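A quick write-up on the structure given underneath.
The values are calculated or read from the model by the stated rules, or taken from the named source; none is laboratory data. In this text, all values refer to a predicted model and were calculated from it rather than measured experimentally. Reconstructed Cβ throughout: ideal geometry from the backbone, glycine too, with neighbour counts over all protein chains shown.
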Amino acid sequence: MFAQVLRKLERELSIPQPQILSIAAGFQAHLELGLNRQESSLRMFPSYLQAPNGYEAGTFIALDFGGSNVRAAVIQLKGEGDFQELSRLSFPLSATDSRRDLRTSAVTAEELFDCLAEIILEVLQNSSVNPSLISGTSGPLPLGFAFSFPYCQQKLEEGVLLNWDKEVKTSGVVGKDVGQLLSAALVRQGLGIVVRPVAIINDTVANFLTAAYKDPNVDIATIIGTGHNTSYLEQKAPGFAAPVIINTESGNFSAAPQTFYDQMLDLQSANPGEQRFEKMLSGKYLGELFRQIVLDLFQQGLLVRTLNSLPAHWNRPYTVSGKDLAELLAGKAEVDNRSLPMSDDELFALQRIAHLLIKRSARLVAASLIGIVRHLDPHLSNPHTVAVDGSLYEGMPGYSQELIVALSEGLEGNAFQISVKLSAGGSLTGAAIAAALASFN
Ligand code: GLC
């Protein structure tokens, strides 16, 4: 019985080599349409930033607001690809200690940005920065803000949020300029003359800058974490005389084949119809896809027969996390810290399902990267370096290997032209580099 169920799932979730090629071709087509401002699921936002030269230097504040955590740091860029964090603070967005869950619709824009200004104040107080810098007497410290959501901007210091994703729902931010919201909160915190936000950048652009600060060969940067997205250095962006880093917002790519489970998850999410690619593959959603599949098989009487029912919390969306899948794959029959009493066969079946989802995720990402490489270099005549950051890539057993295998299948004989390197935790450093680029231009 298990074998039959697994075979069916395997068929639905597998992406054979020819399909990697067709998804890559579809991605490239959407990329080129979006770049030329034609209708496309890829928004292709210019970042207004070029690649760094590695010699940017000075002291900057960096702020990073992603889907799971807020981080702030004071960073000294030393040039020649070297930097030092003078202080750093981070806290999760979900409710911990006295801080509330900042992602819910009950939280207002002012409350969220006041928290961000508070963490900036704390990180400044904890750092050993020269007091004249902190007092603002030698001019405000430039701040770079890595903001990991889709926003549009006409200049580097602005970012008008188009929509939330990764299940964040904070009120009053969509349609507003997050640069202005931050500046107003800094004034309320008494930091108006001490700190000046000069650059808003996407986390993939931040990852690009950090990786390229040390290695000029980097031309693509991707995040495979709570969410998923990729940026790359475009040589010929319409309206730009020089090469510019483009944020593709690839999580919204709409032309990958979906299963019934993907469609269900999308319908029940906070933003149906949007971010469909991200919902098929990123850390926020893999656990939920897994939960929906297992629940469905269980309800059909096909799985976990030793239990009379699945634990009650399995009926609540998003109770199974990407971390649970990582632990399951590492051999623990546990979800949400609660053990699942089941037979070896059942554990094997659950592991197999988790593995199928992870393998599919890596193959989808690989297809999108191949689409970008083919756009940059149709005959694959030059080497390309992809910088990768994100909890899923770093923490999921076997993920990075699956990505390499999929890239080599998809690039056929030219796989040697692409190298993938881990660029962990690059958002903060990248935000500081963006602040440096903004200050020197
Ligand atoms: C989501 C956001 C995107 C971000 C990605 C990774 O896809 O829309 O801006 O880069 O998550 O955090």
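Quick notes on this one:
- Filtered residues of the range 169-209 (kept if assigned to a helix (DSSP H, G or I), among the β-branched types (Val, Ile, Thr) and away from the ligand (no atom under 16 Å from the Cβ)): Val187
- Screening the candidates Ser269, Ser254, Ser250, Ser282 for the property of being of a type in the set (S, T, N, Q) and in contact with a His (Cβ under 6 Å, 6 or more places away or on another chain) yields one hit, Ser282.
- Selection status of Val198, free of Cβ contacts under 8 Å to residues at least 60 places away in the same chain, over 30 Å from Leu369 (Cβ atoms) and more than 21 Å from the chain's Cα centre (by Cα): no
- Answer from Arg11, Arg37 - the residue that is over 12 Å from Ala434 (Cα atoms) and assigned to a loop (DSSP other than H, G, I, E, B): Arg37
- Any pair with Cβ under 9 angstrom, 6 or more apart, that starts in the range 301-319 at a residue that is of a type in the set (Phe, Trp, Tyr) and ends at one that is part of a loop (DSSP other than H, G, I, E, B) and at pLDDT 60 or above: Trp314/Val320; Tyr318/Glu167
- Residues satisfying the stated conditions in the range 397-413, i.e. within 22 Å of the chain's Cα centre (by Cα) and closer than 18 Å to Thr230 by Cβ: Tyr399, Ser400, Glu402, Leu403, Ile404, Ala406, Leu407
- Qualifying residues in the range 364-389 (those that are among the polar types (S, T, N, Q) and either buried (at least 17 other Cβ atoms within 10 Å of the Cβ) or touching a Leu at 6+ places or on another chain (Cβ under 6 Å) (or both)) - the one farthest from Gln275 (Cα to Cα): Thr385
- Scanning the range 97-109 turns up at least one residue that is assigned to a helix (DSSP H, G or I) and at pLDDT 95 or above.
- Of the criteria (1) surrounded by 17 or more Cβ atoms within 10 Å (Cβ to Cβ); (2) more than 25 Å from Gln153 (Cα to Cα); (3) in contact (Cβ under 8 Å) with a residue 40 or more places away in the chain, which one Gly67 fails: (2)
- Residue pairs whose Cβ atoms lie under 7 Å apart, separated by 6 or more positions or on different chains, with the first residue in the range 8-28 and over 17 Å from Asp262 (Cβ atoms) and the second surrounded by fewer than 19 Cβ atoms within 10 Å (Cβ to Cβ) and of a type outside the set (D, E, K, R), are Gln28/His375.
- Residue tally, condition within 10 Å of the ligand (Cβ to nearest atom) and of a type in the set (D, E, K, R), over the range 145-168: 2
- Scanning the range 40-52 for residues that are in contact (Cβ under 8 Å) with a residue 40 or more places away in the chain and part of a loop (DSSP other than H, G, I, E, B) gives Ser41, Leu42, Arg43, Met44, Ser47, Tyr48, Leu49, Gln50, Ala51, Pro52.
- Condition broken by Leu310, with the remaining ones in (1) at pLDDT below 95; (2) within 15 Å of the ligand (Cβ to nearest atom) satisfied: (2)
- Verdict on Pro272 being without any contact (Cβ under 8 Å) to a residue 12 or more places away in the chain, more than 19 Å from Leu33 (Cβ to Cβ) and touching an Asp or Glu at 6+ places or on another chain (Cβ under 7 Å): yes
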